[in-house]
1. Please state which one of G143, G175, G171, G189 is assigned by TED's automatic domain parsing to the domain that holds A120, at pLDDT below 95 and of a type outside the set (F, W, Y).
2. List pairs: first residue in region 274-290 and within 9 Å of G342 (Cβ to Cβ), second residue modelled with pLDDT of 95 or more and in a strand (DSSP E or B) anywhere in the structure, Cβ distance under 6 angstrom, at least six positions apart or on different chains.
3. Within region 290-298, is there a residue that is assigned to a strand (DSSP E or B), of a type in the set (G, A, S) and assigned by TED's automatic domain parsing to the domain that holds V340?
4. Any residue at all in region 432-439 that's under 14 Å from R354 (Cβ atoms) and either of a type in the set (S, T, Y) or touching a residue at least 60 places away in the same chain (Cβ under 8 Å) (or both)?
5. Of the numbered conditions (1) surrounded by fewer than 20 Cβ atoms within 10 Å (Cβ to Cβ); (2) among the aliphatic types (A, V, I, L, M); (3) under 22 Å from A73 (Cα atoms), A136 satisfies every one except a single condition; which is it?
6. Of the conditions (1) at pLDDT below 95; (2) under 15 Å from the mean Cα position of the chain (by Cα), V205 clears all except one; give me its number.
7. Just a yes or no: is a residue in region 109-132 surrounded by 24 or more Cβ atoms within 10 Å (Cβ to Cβ), in a strand (DSSP E or B) and of a type in the set (A, V, I, L, M)?
8. Of the residues T90, T49, only one is closer than 19 Å to G142 by Cβ and hydroxyl-bearing (S, T, Y); which?
Amino acid sequence: MSTPDLFTSLHALREAALQAVDPAAAVSRCLHTLETPGGLLLRLENPRTETLAAGRIFLIAMGKAAVPMALAAAERLGDRLSGGVVVTKTGHVAGARLPAQLQVFEAGHPVPDETGLRAALAIEALAGGLQPSDVALVLISGGASALTTCPAAPLTLADLQQTNQALLRGGAAIGEINTVRKHLDRLKGGRLARLLQPARVLTLVLSDVVGDPLDVIASGPCVPDPTSHPDALDVLARYDLLAQAPAAVLTHLRAGAAGQLDDTPKPGDPLFAGVETRIVASNRLAALATVQRAEQLGFHSLLLTTFMEGEAREVARVAAALAKGVRAHADPLPAPACLVWGGETTVTVRGKGRGGRNQELALAAALALEGLPDVALMALATDGSDGPTDSAGALVDGETVIRARAAGLDARAFLADNDAYTFFERAGGLLVTGPTGTNVNDLLVLLVG
């Protein structure tokens with residue numbers, strides 16, 4: 001199978017994966033309503049539970065998939081929707097017609113900004129007026145941690161921005177980043193659930209974290225938090241970031257570690273008795289859809305894992321080794337073969353480039369695959385935005401580095417400078433989709449023809 005054919009297949013696999021985790025469809029599958037004399041009956045599936053909304057219903061949607069999730073929920077609720085707040089990444093509203101009673105914010109990601117702060121304050125204000133008869137429907141998707149930022153006093157937005165940037169560039173995993181965030185913010189780590197009391201809370205989650213841990217997704221605003229202030233300090237120390245963190249952040253975390261500040265609500269806290277949570281879509285769902293579509297296209301297909309983590313360039317070497325195994329020994333599958341990984345890698349930025357974990361993975365893979373015939377690889381951020389770039393990732397084959405060299409481009413130099421974006425911009429291979437409306441982590445797909 002030729003490389004153009006393999007690239008065509010990769011695009012088809014991308015479409016199948018994204019369709020499987022469409023946020024609006026996921027919300028509609030899980031949330032059902034029924035008018036009764038006593039109010040609107042809200043039913044959540046898997047497992048089925050029912051909540052009667054005798055009073056008002058408010059909606060809070062946070063994350064890169066906030067708009068399609070909010071639209072689906074609003075369609076279910078109809079004129080029973082009393083109001084709410086929607087916050088998503090800049091450019092992700094894209095002309096969508098949300099109900100007039102919803103406040104809509106487009107905020108910065110991955111670094112928090114003033115709009116995200118205003119959105120968080122709007123959520124706080126909404127929570128402050130809730131009654132026991134009210135229901136808060138909270139819709140969470142990836143990116144909400146950065147998009148909805150409410151610094152704990154006396155911290156400032158600038159303090160959280162500096163800390164966030166240091167963690168991102170330092171190579172910390174998302175769970176570690178969110179451990180720190182939860183202890184610097186008034187909404188994260190179960191604190192939003194506390195603010196929403198005495199209303200009942202229904203939470204629908206689109207997971208963008210490996211393994212779907214609810215306390216990590218979006219920094220777990222409506223679930224118990226098992227981490228502590230000392231854990232947050234340990235993360236900063238582990239990545240040698242204590243000197244880069246603002247003094248106010250260190251003072252805050254050390255005060256919490258000394259017991260001078262209340263920690264986040266923990267497992268067993270009775271406040272969570274009034275909270276129901278469901279995961280409505282995940283990386284695994286997208287990965288399984290990829291495998292199924294690949295089989296329809298004639299590939300022997302295998303989902304290797306949805307727990308892909310680690311440095312992007314190291315994962316790339318493993319992927320290339322497996323490609324060589326297929327070609328040389330039909331191991332673990334005979335050609336034509338499709339191998340699929342799901343998860344999220346990290347990049348420790350040491351050069352002057354912008355990073356982009358999927359693009360760095362693809363560039364490292366291109367180097368390892370150089371000269372191997374009839375092989376193609378796609379590294380994809382399902383939200384359409386790979387780190388701080390406007391690309392969703394990249395496509396490479398065994399000729400990528402050879403073509404680049406002929407054009408005067410040194411792939412190894414670009415990789416050493418963490419500048420994969422510029423490399424693919426010049427050499428070709430950038431995967432530019434625009435905002436996809438969903439966000440369930442990354443997919444790595446390897447085809448051997």
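The values are calculated or read from the model by the stated rules, or taken from the named source; none is laboratory data. It should be emphasised that the depicted structure is a prediction, and the values quoted were computed from it without experimental measurement. Because the Cβ atoms are built from the backbone with ideal geometry, glycine has one as well, and the counts that use them run over all protein chains shown.
1. Only one candidate passes the filter, namely G143.
2. N283/T306; N283/G342; R284/T306; A287/L303; A287/T306; A287/V340; A287/G342; T290/V340
3. No: region 290-298 contains no residue that is assigned to a strand (DSSP E or B), of a type in the set (G, A, S) and assigned by TED's automatic domain parsing to the domain that holds V340.
4. Checked region 432-439: no residue is under 14 Å from R354 (Cβ atoms) and either of a type in the set (S, T, Y) or touching a residue at least 60 places away in the same chain (Cβ under 8 Å) (or both).
5. (1)
6. Here V205 meets the rest and fails (1).
7. no
8. Within the list T90, T49, the selection yields T90.
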